[in-house]
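Structure first, then comments.
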Amino acid sequence: MALAASVAAIEENWRQELESLQAVDEAVAGVVDTLRRTGELGNTLILFTSDNGFMHGEHRAKAEKVLLYEESIRVPLVMRGPGVPRQLADPRPVANIDIAPTIVDAAEATPRRVFDGRSLLPLLADRTAWWGRDILLENGNGANNVPAYRAIRTSRFVYAEHLTTGEYELYDLKRDPYELRSLDGSVEYESVQRDLARRLRLLQGCAGATCQLRPSLRLLLRSAGRSVPQGGCPRGDLRVRVGGRDRKRVVHAEAFLGRRPLARVAAPPVSRRIRRPHLHTGRRYLLRVRADLRDGRRLTLDRVLRACR
């Protein structure tokens, strides 16, 4: 098939998919109207999603859904209901394994097993929290005649290991959002690829709580020569430091007092002295440090402080 004809066929298929989606729009509208008419809309959590994305010529795939690229792995997740802010577009990574825990949490039910995923309601309640999340991608059985692979997706990177060919792919989504140039073997990204390969080995065999392990980081605070515990009162300048087993993997951190930025830190080492914050005496405040790891994960570390009397 000539190139022009192939492009036209792909576009026609895409337009037909959009046309068929109108029936889904009508069905969703009918459900919402019924909930409104029966007085249950304000007490109902609605989740709208899909089982997969789809390729329409990207990466030379005319029609495919199990590849590791963004067009295939990204699916819509739209939520409406109690506790869901209006018109919030959230950049934090979540996965389909989070849907069941979210429904159980909203229903105030008690699960009989530990989920691989997590309820999204705490994220909706705290818009600046990050879990240090990465997402496992798998086509372990070679579905749709696509060679088997396992991959990991973080906020910045996609790394894949192809099981049948022994090949690897690595993409920096910040610099290359369309995934046009694999960085496998790049000296500049050697440590990143090593970290992602290590995380992939852990994720592909995880179950329950082990799927929810976050980066091993902790927040260390000192003031006037003493450590500042949870609920403590800094009596002078504040030394903020990020410690833990993964501290050398932190490339950037930023400290906030409530919503007010206090300081930015380039790492390593992740340490910064902050002049004594001006606080209202006796009140409690949340000190939050947002740490970015070189593998693309982002984690927030919190400490509640109070102003000294």
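A single member of Gln16, Gln22 is farther than 30 Å from Ala106 by Cβ and either loosely packed, with under 14 Cβ neighbours inside 10 Å or polar (S, T, N, Q) (or both), and it is Gln16.
Please enumerate the residues belonging to region 94-115 that are assigned to a loop (DSSP other than H, G, I, E, B), surrounded by fewer than 17 Cβ atoms within 10 Å (Cβ to Cβ) and either of a type outside the set (S, T, N, Q) or in contact with a helix residue (DSSP H, G or I) (Cβ under 7 Å, 6 or more places away or on another chain) (or both). Of everything in region 94-115, those that are assigned to a loop (DSSP other than H, G, I, E, B), surrounded by fewer than 17 Cβ atoms within 10 Å (Cβ to Cβ) and either of a type outside the set (S, T, N, Q) or in contact with a helix residue (DSSP H, G or I) (Cβ under 7 Å, 6 or more places away or on another chain) (or both) turn out to be Ala107, Glu108, Ala109, Pro111, Arg112, Arg113, Val114.
Scanning region 170-183 for residues that are closer than 21 Å to Met55 by Cβ and assigned to a loop (DSSP other than H, G, I, E, B) gives Leu173, Asp176, Pro177, Tyr178, Glu179, Leu180, Arg181, Ser182. Taking the criterion of being loosely packed, with under 14 Cβ neighbours inside 10 Å and under 30 Å from Arg113 (Cα atoms), the residues of region 190-205 that qualify are Arg198, Arg201, Gly205. Annotation: of all residues in region 225-246 being outside any loop (DSSP other than H, G, I, E, B), in contact with a Lys or Arg (Cβ under 6 Å, 6 or more places away or on another chain) and not charged (D, E, K, R), the one that is surrounded by the fewest Cβ atoms within 10 Å (Cβ to Cβ) is Gly243.
Looking across region 142-169 at every residue that is farther than 20 Å from Ser191 by Cβ and assigned to a strand (DSSP E or B), the one that is farthest from the chain's Cα centre (by Cα) is identified as His162. Of all the listed residues (Leu3, Leu41), the sole one being at pLDDT 90 or above and not small (Gly, Ala, Ser) is Leu41. Assess whether Pro269 counts as being touching a strand residue (DSSP E or B) at 6+ places or on another chain (Cβ under 7 Å) and part of a loop (DSSP other than H, G, I, E, B). No, not satisfied. Could you list all residues from region 161-189 that are under 15 Å from Glu71 (Cβ atoms), buried (at least 16 other Cβ atoms within 10 Å of the Cβ) and either not assigned by TED's automatic domain parsing to the domain that holds Leu203 or not acidic (Asp, Glu) (or both)? Scanning region 161-189 gives Tyr171, Leu173. When residues in region 116-125 are screened for being assigned to a loop (DSSP other than H, G, I, E, B) and either surrounded by fewer than 13 Cβ atoms within 10 Å (Cβ to Cβ) or of a type in the set (Gly, Ala, Ser) (or both), 2 of them pass.
The values are calculated or read from the model by the stated rules, or taken from the named source; none is laboratory data. The model shown is predicted, which means the values in this text are computed figures rather than measured ones. Cβ: placed from backbone, ideal geometry, glycine included. Neighbour counts: every protein chain shown.
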